[in-house]
Amino acid sequence: MNTADDGHDEIVSFLLVDKLSRVRWLPNQTEDEHFFVTGSWGERVNTVRLWNLVHDRLTDEDDTGVPLVPQPTAKFGVTGDIVGLEFLDDKHLAAVTSEGTLSVLDLNRESRLSYDFTHTYNLHDLHTNGGVRSACTGVSAFDQYLVTGGEDGTVNMVAGDAGKVIRTIRDPDGGAVQCVSFIYPDLVIVGQQYGVIDCYDTRDESSKPVFSVETCVEEDRDLNKPTCINHFPKNKQVVAIGLESGTIILWDIRKPYGASALCDAHTTPVTDIQFAKEEQDLMVTADMAGLVTQWTLNSSSSLVEYFIQSRRFRLKEFKPINAIDMNVRHMICGGDAEMLYLLDMME
């Protein structure tokens, strides 16, 4: 365990054995629970791991009583890189891989300090192109349903409890799906490889989007492919889109062809966008250069141009930060440096 202080933030870091592609807090934990999951990439067999933050018995407890050491409590191995982790509910976790497999795991509580994984099912070859397996590129959940995106240009809607594909949306141009976000039960936002955001109504049997908008804000179209999508928790109609150029677009889907806001804090591809839980009006973004930026939001504004109040740099690594997540108290970050970073959200 190491700590670093840049004069403003204390960052606690932990050396791990994996390059991390995803980190996610377990939802709806009590104040004294600190469980989270990670997904790895770059190995022949990669791992979904479940962790609990506990006090380091070799050091004195700090003034706040914050747990300091991640302790592994369960793991599940997969072939291929883990490219997405999403919770369907408090007890069910979905993982998708570069081998085109969706795995759903049950989290079984063994004690107050420990969980275990039970493997529910796999869906193999979820995405294929001409009979050849394609990679999953992302997953998003709403209630007991999942949507997955693939390099084959399709979006699959899966009944999470049944483990069955119930709908497939195929991009007519055949471009790879870069990212997906399941916003409402009948609304899915899809980022396409060629720089277009499509909005689909899952009730529509056709594969025609309700509307499409380009993400190109510069003449160099190659730099403006979408890399990640998320929506504001209090204003789901406002979507945040990260681009390869490092720009973040705030876009109101009620006015799809209207003006949107641009946030420029990153100069390399945006890797993750997450929002704080509870009443904190915060957005946090990460990029391929290892920069993590915290944005203070004005979510009471009715105009998307005024959603951002201020920004603050929280972390600068020398390798990519691929994933971030927040609960009420902490932010966790992970990436290619085989490190886990813990930052305080209560400052």
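So the values come out like this:
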quantity	calculated
Cα Rg over Rh - region 245-347, Kirkwood	0.98
Rg/Rh (Cα only; Kirkwood hydrodynamic radius) as it applies to region 138-179	1.00
Sorted peptide list for 141-152, 228-239, 306-317, criterion being average Cβ within 10 angstrom, highest first	141-152, 228-239, 306-317
By average C-beta atoms within 10 angstrom, highest first, the peptides 288-298, 200-210	288-298, 200-210
Apportionment of accessible area to carbon and sulfur, the chain, percent (1.4 Å)	47
D_trans [Stokes-Einstein, Kirkwood Rh over alpha-carbon pairs] for region 227-291, 4 °C, 1.567 mPa s, µm² s⁻¹	107
Residues whose placed amide H lies under 5 Å from that of ASP325, excluding near-sequence neighbours	ILE332
For region 130-279, convex hull of alpha carbons as volume per residue, Å³	124
Accessible area in square angstrom per residue, region 239-347, 1.4 angstrom probe	38
Table column - 3J(HN,Hα) (Hz), region 308-313, Karplus curve with 6.51, -1.76, 1.60, x for Gly and Pro	8, 9, 7, 9, 8, 7
q = 0.07, 0.08, 0.13 Å⁻¹, the chain: log10 I(q)/I(0) [Debye, one scatterer per Cα]	-0.27, -0.36, -1.00
Full-stretch length increase - ASP56, ARG44 - with 0.36 nm per residue and alpha-carbon distance subtracted	1.2 nm
Label zone at ASN129, where the point sits 7 Å out along the Cα-to-Cβ direction: region 173-204 residues whose backbone N lies under 15 Å	173-179, 192-195
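The values are calculated or read from the model by the stated rules, or taken from the named source; none is laboratory data. It should be emphasised that the depicted structure is a prediction, and the values quoted were computed from it without experimental measurement. FYI the Cβ positions are ideal-geometry reconstructions off the backbone, even for glycines, and counts take in every protein chain you see. Side chains are part of the model used for accessible areas, which takes the heavy atoms of the whole protein and leaves out ligands, DNA and RNA. Shrake-Rupley method; radii C 1.70, N 1.55, O 1.52, S 1.80 Å.
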